[in-house]
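Student: Take this structure first; my questions come after.
Laboratory data are not the source of any read-out in this text; all were calculated from the coordinates shown. What you see is a predicted model; the values in this text were computed from it and never measured. For neighbour counting, all protein chains shown are included, and Cβ atoms are generated from backbone atoms with ideal geometry for every residue, glycine included.
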């Protein structure tokens, strides 16, 4: 059988890219470099991203299509090259045109008080006179409903400019949305990454957030595809990494900083918050006991070249206030003052970022 380029293209027209329904030839995925040497056929397939999850299956489908459409004598296996389109970096779509600053609050590991920091930071910013929204993006461990006393909150929608939009709950001057509002609070959320990402996109793009000065995102702990979804969906102003002074937490926090500063994410780190910095007994507010180590977060901030935004003491009232749905920043206390100072430092860091000050240098990820 005589082989020629059109015959190869006819076979490849039968291969469709999953999701879009377009065949790979019509989609422009077959490069114009088909080479035929006797029975040997080779060419290149072009994908938008090197991380495309369908690369391997498309290559196999292309090999099978040529073998089935033309004949088993065609030598094609292993002769398909994979290339990536040269694309300029794209700015995430502006889903929240009324929001001035988007701040992600993250942590390298769970249990360091990230959600407590995010909730109190949001309320502190509201107390300083800013319009604030809080998105609880910790899909598998939502805390905002409990910390704001909104466990029984029911969501409803309203029509805005012809669109049905979710109405965020509002308390302590903060607009709040959480996946915890729509799932059974007593059952685990068993979702694959794609389902979780789609749910987050709905809470972001299909909600009536309105005009906000600060949109705080309580991110899941660690590094995951949800983080990628958020940075690809929103133009995040900057990230805050929460840690404790403990060495194991600091090691994970360093990885969190590295994630944001890496090429794939590329989000400025506004600074580090050291939580549980010291224990202060209620009866002796001037005493400090460094249970988890001293100044670990401060030293990490210096090491990676970012600001230390605040040191939050370990006080029983912080935990109790969160459980009761009244963030501790609402109290006139040492802890409340610490969160107000944190909010002021975040505002200053955000203003500096918006003034286009030189970004911090990336750091290497330690294993």
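Student: What is the helix-to-structure angle for 114-127, meaning the angle in degrees between its Cα long axis and the longest Cα principal axis of the chain, kept from 0 to 90 and rounded to the nearest 10?
Tutor: Once rounded, the angle reads 60 degrees.
Student: Against the longest principal axis of the chain, how steep is helix 247-261, in degrees 0 to 90 to the nearest 10, with axes from Cα atoms?
Tutor: The angle comes out near 50 degrees.
Student: Pulled fully out, how much extra length does the chain show between residue 290 and residue 33, if you take 0.36 nm times their separation in residues and subtract their Cα-Cα distance?
Tutor: Here the answer is 85.9 nm.
Student: Mean 1/r over all different Cα pairs, inverted: what Kirkwood radius does segment 5-84 give, in Å?
Tutor: For segment 5-84, inverting the mean 1/r across all distinct Cα pairs yields 12.5 Å.
Student: Measuring from label point to label point, each 7 Å out along Cα→Cβ, what is the residue 161 to residue 201 span in nm?
Tutor: 2.0 nm
Student: Sum -39500 (n - 2.57) across every DSSP H segment of at least 4 residues in the chain, then divide by the residue count to get the 222 nm mean residue ellipticity, nearest 500.
Tutor: Theoretical 222 nm ellipticity from helices: -9500 deg cm²/dmol.
Student: Just want the ordering: 334, 328, from fewest to most Cβ atoms lying within 10 Å of their own Cβ.
Tutor: 334, 328
Student: Test of understanding: ordering 286, 48 by Cβ neighbours within 10 Å, fewest first, what list do you get?
Tutor: Sorted ascending by nearby Cβ count, the order is 286, 48.
Student: Would you mind checking the tilt of helix 334-354 against the longest principal axis of the Cα atoms of the chain, expressed as 0 to 90 degrees and rounded to 10?
Tutor: The helix 334-354 is inclined about 40 degrees to the chain.
Student: With the alpha-carbon atoms as the only input, what is the per residue convex hull volume for the chain in Å³?
Tutor: Per-residue hull volume (Cα only) is 170 Å³.
Student: Tally the DSSP beta bridges in the chain and give the antiparallel ones as a percent, rounded to 5.
Tutor: 25 percent
Student: Ordered by packing density, taken as the mean number of other Cβ atoms within 10 Å over each peptide's residues, highest first, how do 115-123, 136-144, 244-252 rank?
Tutor: Ranked by mean Cβ neighbours within 10 Å, highest first: 115-123, 136-144, 244-252.
Student: Report, in cubic angstrom per residue, the convex hull volume of the C-alpha atoms of segment 117-177.
Tutor: About 90 Å³ per residue, rounded to a whole number.
Student: If you don't mind, there's one more thing I want to ask. For segment 119-146 and segment 198-276, what is the separation of their C-alpha centers, rounded to whole Å?
Tutor: Here the two parts' Cα centres lie 13 Å apart.
Student: For residue 211 and residue 46, compute 0.36 nm times the residue count separating them, minus their Cα-Cα distance, and round to one decimal in nm.
Tutor: 55.3 nm
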